[in-house]
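Comments concern the structure below.
The values are calculated or read from the model by the stated rules, or taken from the named source; none is laboratory data. Quantities reported herein were computed from a predicted structural model and do not represent experimental measurements. Here Cβ is always computed from backbone atoms with ideal geometry, including for glycine, and neighbour counts include all displayed protein chains.
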Amino acid sequence: MTSLDLTILSRLDELKQQCHELCDIEKELVTRGPKTGMTGEFFSSIQLWKERSLHQVLESLDKAGVASIDNHIEAMEHHEKAAKDLFELTRGCLIRTWDGINLVLDGFADDLADLVDNIVTSSLEEQGLIHEKVVKDLKDENQKLTRTCQDLENTKSSLEERLESLENTSDAGGDAILCNKLRLRIQHLVIRQRELSTELENAARERVKHRRELEKTRSQLAESRKSLALTRAMHDKETRQLAAMINLNHSQVAQILETSRNATDSKRHQESLERFDPLSGCTIVHLTPVSPPHKPPGSPPFTSHRRASSPILASPNYQTQFCSPPTSKF
């Protein structure tokens, strides 16, 4: 008997035991005169019926004019006897019912156990037959393969003996030479195959290594692209800020130049006089303030033959320029 059968039987026994305990408890409650539960409610309803019936009979006797106490007592005794008989009949009916239920449960449990036993037994027998058939087929196949392998081994041995005899024969002809060449070629191919297998394994490891390096490079490239984008954004921002600062400086410089130009135009014009200093070898420029000439109305504009100085160079009294001494022309 398997563990499944034992489990099923134990569950059935447990169910039967619980049913017996329940029926025994109800029977004991009925025997003792229960006060609670379903049987208690049933007997309470019978007691209530008895009291109501007795009350109605007594009222009927009073209405009929029978005022004798003996009649009342006799009616009460009849009702009490009827209620007692009803209680006994009900108790016996319940006891017989529970006994019948116990018998039915026992029979059902036995039938169910037999049914489960038959089902499991038949299933096990079927599985056993299938298993035996499979084992038999596998054994037959194993014997066939063993015989085939033995035949192949015999054929291989005979071929090896024949080849060896051909190689050892001096006048074997070209077949033995061809066999020797083929054998050497096979040995060379086997060695080459092993070398290629080793190279293939090394290449596979290198491929895995390169793939890891490629993934690492890709991740670094992605990080570099992110850094480049951030740098470009910062560069564009700084460029815009510098452009704004340069534009502001240009506007300020233009404003300063405009102010300086306006201030210079309001001052007197100055002229420069140049002379060569032979000791220092430099040309010395003297800035001399000159009053603008008074021109009559309608006269052409006056043009000075002397070189005018720049407004920026007009602030000092003189300016020194380093240059080479003049050369005389012959």
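Annotations for the structure displayed:
- Residue match in the range 216-239 (condition: charged (D, E, K, R) and exposed (fewer than 10 other Cβ atoms within 10 Å of the Cβ)): no
- Test for K156: is it assigned by TED's automatic domain parsing to the domain that holds E14, charged (D, E, K, R) and assigned to a helix (DSSP H, G or I): no
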